[in-house]
Amino acid sequence: MMRGMPGSWAVTACITGAIILGATAAAAPTPAPAPPVPPPASELHILPVQGNIYMLVGAGGNITVQTGDDGVLLVDTGLAANSGKVLAAVRTLSGKPIRYIIDTHVHPDHVGGNEAISKAGATIAGGNVVGDIGTSASSQATIMAFQTVADRMGTPAAGAPAAPQGALPTDTYTTPERKIFFDNEGVEMIHVPAAHTDGDTMVFFRRSDVISTGDIFVTNGYPIVDLDRGGNIQGVIAGLNRIIELAIPADEQEGGTLIIPGHGRLCDVADVVYYQEMVTIIRDRIQDMISKGMSLEQIKAAKPTRDYDPRYGSTTGFWTTDKFIAAVYASLRSPEGSK
């Protein structure tokens with residue numbers, strides 16, 4: 001496993017100070033506040049990953065940055081309040097325009113910067129496109145996502161404001177995969193149904209050999225299963241299995257394909273295997289307790305996560321161990337979870 005990556009943080013660039021850009025005034029474009037997100041970080045860090053991929057930490061969820069001759073591609077945009085800092089960080093890596101933004105899911109710590117950052121970019125457009133709709137065809141970056149992300153952003157929950165029009169995905173897909181070729185490598189968007197949410201996308205950079213997972217995989221706690229937005233623990237495990245299938249380790253199961261989680265540190269496939277085994281074991285324990293007729297409160301009292309709590313558990317914050325157990329319980333009792 002990649003424990004600590006000695007020396008890697010010594011090369012990070014800290015983006016500090018107040019960076020004021022008019023485009024950052026947009027509110028986070030998600031229809032409801034769940035799950036709550038932490039306050040904006042005071043500084044951002046840039047971590048070189050491998051190939052032409054970088055990991056931007058501190059803007060909310062982790063942001064993946066791909067650079068090259070064609071321009072810049074971002075996976076997620078962080079919190080709206082950090083848009084200016086994100087743009088400043090990206091400009092230290094490339095002077096090329098931001099061409100694509102890929103949203104991994106709908107939560108505001110991952111899509112909050114969509115509007116401001118896309119307006120600072122430019123879509124690759126020409127020929128009939130520009131002729132038909134004018135120069136506005138290339139006036140902002142293309143925002144790509146699975147269709148349900150656009151649906152949820154465009155149709156807010158009762159009492160919640162709609163997402164700004166400029167934050168909505170402009171290019172969606174409904175198939176299991178979507179592929180583009182950009183910056184001299186294949187970029188594969190992989191939809192994982194009913195996992196963290198119902199709109200999750202993982203992004204595989206084939207030449208660089210890097211997978212950006214969104215919140216299907218995190219290292220700082222138990223999986224967040226957003227039941228209200230179609231999440232299910234069975235889909236989380238399916239997503240973790242897909243990462244393991246795609247990744248190829250180097251010598252002694254270390255290195256090789258690198259994994260950028262939705263939150264937490266840079267990983268390799270051994271870290272994902274450990275996490276997948278943990279989630280599967282807890283899922284199986286709770287399933288066994290359900291089959292014995294135990295109630296949710298009885299299952300919580302039995303502490304099916306006990307041996308993993310020192311590493312992943314929490315009794316405070318918006319996602320506690322009890323909430324994780326309740327989400328697994330509800331997942332397994334749902335029609336989707338019983339399959």
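Some observations on this one:
- Candidates are the residues of segment 138-188 that are touching a helix residue (DSSP H, G or I) at 6+ places or on another chain (Cβ under 6 Å) and assigned to a loop (DSSP other than H, G, I, E, B); the one that is surrounded by the fewest Cβ atoms within 10 Å (Cβ to Cβ) is THR174.
- Flag if ILE243 is in a helix (DSSP H, G or I), at pLDDT 95 or above, touching a Lys or Arg at 6+ places or on another chain (Cβ under 7 Å) and on the phi < 0 side of the Ramachandran plot: no
- Close Cβ contacts (under 8 Å, 6 or more residues apart or on different chains) running from residues in segment 154-176 that are within 21 Å of LYS119 (Cβ to Cβ) and among the aromatic types (Phe, Trp, Tyr) to residues that are surrounded by 14 or more Cβ atoms within 10 Å (Cβ to Cβ) and modelled with pLDDT under 85 are absent.
- Scanning segment 66-97 for residues that are closer than 23 Å to GLY199 by Cα and outside any helix (DSSP H, G or I) yields GLN66, LEU73, LEU74, VAL75, ASP76, THR77, GLY78, LEU79.
Yes or no, residue by residue, for (1) surrounded by fewer than 22 Cβ atoms within 10 Å (Cβ to Cβ); (2) within 25 Å of TRP319 (Cα to Cα); (3) out of contact with any His (no Cβ under 9 Å at 6 or more places or on another chain):
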{"site": "ILE237", "(1), (2), (3)": "yes, yes, yes"}
{"site": "ALA250", "(1), (2), (3)": "yes, no, yes"}
{"site": "GLY256", "(1), (2), (3)": "yes, no, yes"}
{"site": "VAL272", "(1), (2), (3)": "no, yes, yes"}
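- Residue match in segment 219-237 (condition: basic (Lys, Arg) and part of a loop (DSSP other than H, G, I, E, B)): no
- Selected residue (only one of GLY293, GLY262 is in a loop (DSSP other than H, G, I, E, B), more than 13 Å from ILE325 (Cα to Cα) and touching a residue at least 60 places away in the same chain (Cβ under 8 Å)): GLY262
- Matching residues in segment 264-291 - criterion: being more than 20 Å from the chain's Cα centre (by Cα) and charged (D, E, K, R): GLU277, ARG283, ASP284, ARG285, ASP288
The values are calculated or read from the model by the stated rules, or taken from the named source; none is laboratory data. As the structure is a prediction and not an experimental result, all values here were calculated from the model. Neighbour counts run over all protein chains shown; Cβ positions are idealised from the backbone, glycine included.
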